[in-house]
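Contents: one structure, followed by commentary.
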Amino acid sequence: MKLTKDLLHGNETKAMLNFAIPMIIGNIFQQLYNVADTIIVGKFIGSNALAAVGSSFSVMVLLTSIIVGFCMGSGAVFSLFFGANELEKLKNSFFTSFIFIGIITIVINLCSILFIDDILNFINIPTKVLNDSKIYLQIIFYGISFTFIYNYFSAIMRSMGNSIIPLVFLILSAVINIVLDIIFVVPLNMGIAGAAYATIIAQGFSAIGIAIFSMFLVPQIRLKRKHLYLNKNIVSMISNYSILSSIQYSIMNFGILMIQGLVNSFGVSAMAAFTAVVKIESFAYMPVQDFGNAFSTFIAQNMGAKKQERIRSGIRSAVKIITIYCVIISVFILLFAKPLMHIFIKKEETEILKIGIQYLFIVAGFYCLIGYLFMFYGLFRGLGKPGVSIILTIVSLGTRVLLAYLLSSISFIGIVGIWWSIPIGWALADIIGVLMIRFHIKLKDI
């Protein structure tokens, strides 16, 4: 089995899809971590515990997004060196990135444990679910280092064209998580703590597994003493890509966390409904997010190889792929909104079902907008302009948060205003993305 592959040859659409599909499948299994928690907690513990898991998930995504952003930014640098066949710089960048992100992970882990009460207060957790939220988060925080290790080695493998190995370990990990969820929560009656323990054990398996596999079986990752130093130029490159990518993901998830806090102010029913729809959307439009990440690797490798025309053709192919997928998934969600909500919510929870279905009917028709936005993120990150992605994120989430707070405060609009703010934010960011390409990023000069 060939463990590395460049994206520099062959049909652009086929190359991107062959690389992206394992990432998409992997993300589906990754979502099973939290979906398993959600279904089992909602069905066997109750709506209060479900609300606690939902709010905790938003906090965890914010914290881990910093680490994921650094890993993805480093992955873009790895792709450039791999595409340019500069293997010595590639190996040195592996070492530099590991030290850099490892230190950041330790700081995040310590701060999250020390300031857990302040975090919970910030997102307006209701008193009746506060204890469950704290228990869940305290356990989950101990798995942050596993998030770093898995995403770091995944970034290395994907930068060299291999999206299969990260997928394999995610599938195995997801299966472990689901089995342990059932065992810990149902027969052992460990409650919300059981769901959290199941998650970090599964994360630990995927992290340690991919690290051992990569170091022993991928020659490019075997570093010698001459590679173990901090090259000033490479540190600068990794910092530029990683910090900006991390800022982008942090802003994105901080905005989502603010929305979560606003939803929490509408009560436990709204919290539980929002938890369910977030899980549904994780499966609905996460594939285009993964495609955007794969697209970034495609762009970066071809940038390194100076294949300008292939980049332009890749952009056209990406637009077609995203449009077709998003139209199909939007129709599916609109047709099956109620049955999808029933996966997470008991039929007698009518108020929660009503709120969730209302959200899906408003937002699901606009998934093309978020699909194009993820494409822009991948494009500009691959072109070495991650700062543009930050601008798009600020526009998207700034609009969303501002409108959400403004509209929801109007009595006859209420929580519906939060839902409508989402596609409006996506649309404005897409417009800015198009303008950036037209007037600021001249592809003919790449």
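Here, each number is a calculation from the coordinates, and none is a lab measurement. These figures come from a predicted structure and were not determined experimentally. So basically every Cβ, Gly included, is an ideal-geometry build from the backbone, and we count neighbours across all protein chains shown.
The table below gives the values:
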| quantity | calculated |
| --- | --- |
| Given charges at Cβ of Lys, Arg, Asp, Glu: the stretch 66-164 dipole, positive-most of 105, 85, 156 | 85 |
| Loop-located chymotrypsin sites (Phe, Trp or Tyr not before Pro) in the stretch 398-439, at most 14 other Cβ atoms within 10 Å (DSSP) | 412 |
| For the stretch 9-163: rounded, prolate or oblate by the Cα gyration tensor [a/c cutoff 1.5] | oblate |
| Set of the stretch 81-107 residues, backbone N closer than 19 Å to the point 7 Å along the Cα-Cβ line of residue 215 | 91-106 |
| 32 Å Cα-Cα threshold exceeded, pairs from 14/354; 89/307; 89/279; 232/307 | 14/354; 89/279 |
| 0 to 90° range, to nearest 10: angle between helix 164-185 axis and the chain longest Cα axis | 20 |
| Principal-axis tilt of helix 12-44 within the chain, Cα atoms, nearest 10 degrees | 30 |
| Label point distance in nm, residue 351-residue 313, each placed 7 Å from Cα along Cα→Cβ | 5.8 |
| Ascending count of other beta-carbon atoms within 10 Å, so fewest first, for 291, 336 | 336, 291 |
| Cysteines having no other Cys beta carbon under 4.7 Å from their own, within the chain | 71, 111 |
| Nearest-20 debye value, the chain charge dipole, Cβ charges on Lys, Arg, Asp, Glu | 1400 |
| J(HN,Hα) series, the stretch 68-75, from Karplus relation 6.51 cos²θ - 1.76 cosθ + 1.60, nearest Hz, glycine and proline x | 4, x, 5, 5, 5, x, 5, x |
| Cut-off 18 Å (backbone N to label point 7 Å along Cα→Cβ of residue 222), residues of the stretch 99-113 | none |
| Cα Rg, Dmax, the stretch 116-182, angstrom units | 16.5, 48 |
| Net charge dipole size for the stretch 307-365 [Lys, Arg +1 and Asp, Glu -1 on Cβ; Debye, nearest 20] | 440 |
| Förster-model FRET efficiency, 45 Å R0, residue 183 and residue 99, C-beta, rounded to 0.05 | 0.75 |
| Kirkwood-type radius of the stretch 50-109, with distances r between different C-alpha atoms, in Å | 13.1 |
| Total formal charge among the other residues, if their Cβ is under 13 angstrom from that of residue 76, Lys/Arg +1 and Asp/Glu -1 | +3 |
| Spacing of the two label points (7 Å from each Cα toward its C-beta) at residue 8 and residue 44, in nm | 5.1 |
| For residue 161, distant residues with modelled amide H under 5 Å away | 5 |
| Equivalent ellipsoid semi-axes - Cα gyration tensor, the stretch 286-400, angstrom | 35, 15, 10 |
